[in-house]
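K.L.:
Below is a structure I'd like to ask you about.
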């Protein structure tokens, strides 16, 4: 975890900004001024011969300048050459070759002149050259014959191109030549072999040149090598230099360029190269080693880099050195470049032109492109070497001066004009700018201005009279105000005022100070296993008025967020970490004003790479040494090596573990078995997992011997009543010890001590036939191969096959323990009747019928097992109030014996199961409707139901109320006494034994609670708040009111109109109509009627019931009429109407009607 410093470009940009603050003041373009060159081509201008030639020259001035050119110091008449044209409002030359012509004809030195009535500005002298990519001369190259171990140089000698081509070596099949410390390419393009090896003959060598402009590659005919070998081998040699020759050389480099020093040495073994500077250290910030340390590059050379450098080539035979004397020269460079001079009439001024170089450059002044000495005399001008002094300047003194400083390595040309103006101050930037800056940062407020004479500038804050300069403030020549460290109190309005003798001008800048962006919880370095999930935190605090952007970099490059990554505001999560995820992760929190960086490194622990280069040594009769090279541990140390082997006789292609070794070793002595053709491989193991197996080793076969062991897991078991199958685990390749492995199988009856029977078997089983039923045998299995027999085996006892038992248990007694369990007792059978090994006694039982009338029961047989020689047991999980039958048998390995006599028993009455489908509905705030179905298993004669309910409101619980119902009642209505509380209902069924399992439900929450019912939520959230719905409800209420008035009139005349039309289908318990005539218009309006269910195709079908009241031994009153149809719903409804009054009269109430629509 680390907070990153600002990137280097931030410092560079700020330094560049400060350098620009002291620059010359620009004249606004609406004022008259001499020309200024704004764009020009480079001094050495190389062009592509396939394109048109473009020589750039652009300038500004008022009035706009005109342009002309010289070529080779002579006037270049553009009008006479149809191929040459000049761009409009520009001096840029365009030479067009679309209609033919040779670009080489236009090579030369060009110079541009930009002129208006106030002077002439000059461009640099531009040397135009056409790029060249000449063909390689054809040549036939003989094979190069060289002695093994000798040095060799393959010369490239590329054709001279402009610019110089890029050289690289490849084979004729375009495969790159592998370069290393022994074989490498020099800076001149030659290929150097420090010593030739036999493997160098495996390819040929072709030098290739790639030319920049044409993007073409030219290939030289390839060299072929013939390496001669010596019976004495390669002799070791001390180093000697192949380049440069001798012990000393010199090199000249220009200031600001790169210095490249090169030393290539031969020798056996290949020498190492080291670099030193005499009398000091190498400049660590600028020095780089290249080409396997054979080259030293020093960038941006300065005078202090001159001196003596030496390279040291060494191997174990000795060392040599080469000294290179470096001289640093310099083309002219500016110490004080002349700047435009803006004066008011009568003012004094000066132009300064100072440059340095090696050798010292000369200075030449020109005015408007002409040597100063040949220009008309000016009494107000005085030349003093590198300075021109102007006194009491007048309008006529306006001109453009050129300073040309040169030495043998180059030149510098600068234009600077003298402009004489009388202009009052003016502001050049927009007014009332807003500048936002970050707290504690350095910032500057710009106030570009102009005037002549040059105005003085002062800054004020918030209209106060004190000038801002000094301390935390600094005003630059161009008017910019620098605030060295921004504080909160620096926020405000800043006014800059420019003043000269002709007047004053002012502008305002509003400064806002913002809090810095800071990462206060930075990502931390993590170590993760491959496949796990990693989260990198990055929590940021920033100014809330600025927009924050959080991005991530991986290895300093933008991170692609794939489907395995999840980027959130304060974290980055990587799922299923892979090896490619390893690296540095940088969180970049940025606003439009600043940014903060924090970096963490993710180390991924992966499975190790496979071991390689397996080698077998120290070959012996029963051992071998295996050596391997470890693979990369992928950041998790290797803890173990697993050596595996494969043999090609018994299980070819199948690998077996041989041995295991610590992760610190890479060599082991392996113990081997006789007569195995071994092949080995190694697997590396670390905390993350196992590597892929290594490539197999070579094979190694050991000599044979008699077996030293016999097969294991010998068994004798009967598969039929008159046989015995002898089986064993066959021996593997490492225990066979020889060819033709076979087994000598012996057996005899245990009691008789008769002679051994024997047979030789090549498999892993043998069946002995015609055996008595379940008789013990002694068994022996001995291994044998072509070298002899194994040791004498020990005897194993086996048994011949079993037959079915002949007898059944007797005296079976049944005792009923409770409504669901019985106990059994029986007499054991005689052992000789078992005819095998007694496994268990087993009881078969089934439910014959239920004591409840007309209740269908399943007569599927069930069983209960009693392992071993037991005399009693318990059978549980029976159904109460049922008739059962039971039989018992004896079981051995062959199967069941005969059945005992059938016993009958009856289970007593039990408690019922829970009532089914207990439903609680609340149609209004006054009542709660309860409905349920009969229990699935009554387990006796139902005596009724018990309902317990209690009101609760939060943690407050009311008094419990108990209601008892008849067995036929399946619904109940609770009148609420408290419209706020909820109710908890517990319902259970009863028999004479007691109450059964209970079921509990709660009433729905009222609409004003935090968790409303679904219907209320939908209506309240989706419809009730909508204006159109409120209007619609008002219209419906008005219509209902009118209809009710009509009904009252008709009733007063004797008419009778029920509220509900008669339906063909009776109302179910889920019908929303209640006793008070109200309707519940909820989402449940379309539910099917009770006793029906919706099928997959949308139809309604009658629901089948598992039980009926008849099954309980009672008939419900009014439940069935004479033809068997169900009329209970109508009967109950009729009772309600008789006891609670006329329902239709309540339904005609306007209040109830409107409530039903709400």
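K.L.:
Post the alpha-carbon centroid distance, segment 302-321 to segment 107-135, in whole angstrom.
P.N.:
44 Å
K.L.:
Another question, then. Just the ratio, please: alpha-carbon radius of gyration of segment 612-700 over 2.2 N^0.38 Å, N its number of residues. Mind showing how you got there, number by number?
P.N.:
Values: Rg = 13.0 Å, N = 89, 2.2 N^0.38 = 12.1 Å.
That works out to 1.07 for segment 612-700.
K.L.:
Here's something else I'd like to know. Convex hull volume of the Cα atoms in segment 472-544, per residue, in Å³? Please list the in-between numbers first.
P.N.:
Values: hull volume 12.3 nm³, N = 73.
Enclosed volume per residue, from the Cα hull, is 169 Å³.
K.L.:
Over all directions, the average projected area of the alpha-carbon convex hull for segment 57-106 comes to how many nm²?
P.N.:
On the way: hull surface 16.6 nm².
That works out to 4.2 nm², a quarter of the Cα hull's surface.
K.L.:
Report Rg (one decimal) and Dmax (nearest whole number) for segment 317-368, counting Cα atoms only, units Å.
P.N.:
Spelled out, the Cα radius of gyration and Dmax of segment 317-368 are 22.0, 82 Å.
K.L.:
Now for a different question. Run the Debye formula on the Cα coordinates of segment 810-906, all scatterers equal and no solvent, and tell me log10 I(q)/I(0) at q = 0.16 1/Å.
P.N.:
-0.66
K.L.:
A further question on this structure: What's the ranking of 634-645, 222-233 by average number of surrounding C-beta atoms within 10 Å, highest first?
P.N.:
On the way: 634-645: 18.7, 222-233: 12.6.
Most protected by this proxy first, the peptides run 634-645, 222-233.
K.L.:
In addition: Specify which labelled value, from (i) 1.00; (ii) 1.23; (iii) 1.17, agrees with Rg/Rh (Cα atoms, Kirkwood Rh) derived from the coordinates of the model shown.
P.N.:
Computed from these coordinates, Rg/Rh (Cα atoms, Kirkwood Rh) corresponds to label (iii).
K.L.:
Right, something else. Roughly how many Å is it from the Cα centre of segment 628-661 to that of segment 903-939, as a whole number?
P.N.:
Taking the Cα centre of segment 903-939 as reference, the centre of segment 628-661 is 67 Å away.
K.L.:
Using the 2.2 N^0.38 Å rule of thumb for compact globular proteins, work out how segment 916-1011 stacks up: its C-alpha Rg over that value, please.
P.N.:
Numbers: Rg = 14.2 Å, N = 96, 2.2 N^0.38 = 12.5 Å.
Scaled against compact globular proteins, the figure is 1.14.
K.L.:
In segment 327-412, if every C-alpha pair distance is counted and binned at 5 Å from zero, what percent goes to each bin?
P.N.:
Taking all Cα pairs of segment 327-412, the binned fractions are 3, 14, 23, 22, 16, 10, 6, 3, 1, 0, 0 percent.
K.L.:
Give the order of 73, 659 when sorted by the count of other beta carbons within 10 angstrom, beginning with the fewest.
P.N.:
Numbers: 73 9, 659 14.
So the ranking, lowest neighbour count to highest, is 73, 659.
K.L.:
Still on this structure: How long is segment 589-644 along each principal axis, judged by its Cα atoms, biggest number first, in Å?
P.N.:
Sorted from largest, the Cα extents of segment 589-644 read 79, 17, 12 Å.
K.L.:
Right, next: With viscosity set to 1.306 mPa s and temperature to 10 °C, compute the Stokes-Einstein D of segment 677-829, Rh being the Kirkwood radius across alpha carbon pairs; µm²/s, no decimals.
P.N.:
In µm²/s, the coefficient is 79.
K.L.:
Another question about this same structure. Give me the angle, in degrees from 0 to 90, between the Cα long axis of helix 1128-1140 and the longest principal axis of the Cα atoms of the chain, rounded to the nearest 10.
P.N.:
Helix 1128-1140 sits roughly 90 degrees off the main axis of the chain.
K.L.:
On to the next question. Restricting everything to alpha-carbon atoms, can you work out Rg to Rh for segment 518-605 with a Kirkwood hydrodynamic radius?
P.N.:
Working: Rg = 13.0 Å, Rh = 13.2 Å.
In segment 518-605, Rg relative to Rh is 0.98.
K.L.:
What is the angle, in °, between the Cα long axis of helix 1027-1052 and the longest principal axis of the Cα atoms in the chain? Nearest 10 is fine, range 0 to 90.
P.N.:
Helix 1027-1052 and the main axis of the chain meet at about 30 degrees.
K.L.:
Something else now. Would you mind checking the radius of gyration and Dmax of segment 712-799 based on alpha-carbon positions, in Å?
P.N.:
For segment 712-799, the Cα-based Rg and Dmax read 13.3, 40 Å.
K.L.:
Helix 8-21 versus the longest principal axis of the chain: what angle, 0 to 90°, nearest 10, using Cα atoms?
P.N.:
For helix 8-21, the angle is close to 40 degrees.
K.L.:
Efficiency by 1/(1 + (r/R0)^6): what FRET value for residue 334 and residue 640, r their Cβ-Cβ distance, R0 = 56 Å, to the nearest 0.05? All intermediate terms of the calculation are to be shown ahead of the outcome.
P.N.:
Details: r = 70 Å, r/R0 = 1.24.
Approximately 0.20, to the nearest 0.05.
K.L.:
Here is a follow-up. Can you give the FRET efficiency for residue 966 and residue 885, using 1/(1 + (r/R0)^6), R0 = 45 Å, r = Cβ-Cβ distance, to the nearest 0.05?
P.N.:
Working: r = 35 Å, r/R0 = 0.78.
It comes out at approximately 0.80.
K.L.:
If you don't mind, there's one more thing I want to ask. In whole Å, how far is the Cα centre of segment 60-76 from that of segment 349-365?
P.N.:
About 25 Å separates the Cα centre of segment 60-76 from the one of segment 349-365.
K.L.:
Still on this model: Evaluated at 37 °C with a viscosity of 0.692 mPa s, what Stokes-Einstein diffusion coefficient in µm²/s does segment 198-289 have when Rh comes from the Kirkwood expression over alpha-carbon pairs? Each step should come with its number before you reach the end.
P.N.:
On the way: Rh = 18.0 Å.
Using the Kirkwood radius from Cα pairs, D works out to 182 µm²/s.
K.L.:
Write down the percent of antiparallel bridges among all DSSP beta bridges whose residues are both part of the chain, to the nearest 5.
P.N.:
90 percent
K.L.:
Turning to a different aspect of this structure: Just to check, using Stokes-Einstein with a Kirkwood Rh over alpha carbon pairs, what's the diffusion coefficient of segment 42-144 at 20 °C and 1.002 mPa s in µm²/s? If you can, show how the numbers build up before the last one.
P.N.:
On the way: Rh = 15.5 Å.
The diffusion coefficient I find is 138 µm²/s.
K.L.:
Per-residue counts of other Cβ atoms within 10 Å, averaged by peptide: what ranking do you get for 99-108, 610-619, highest first? Intermediate results must be reported in sequence, preceding the final value.
P.N.:
Details: 99-108: 12.8, 610-619: 14.6.
Packing proxy ranking, top to bottom: 610-619, 99-108.
Every read-out reported here was derived from the displayed coordinates using simple, explicitly stated rules and does not represent laboratory data. In this text, all values refer to a predicted model and were calculated from it rather than measured experimentally. Cβ atoms come from the backbone with ideal geometry, glycine included; neighbour counts cover every protein chain shown.
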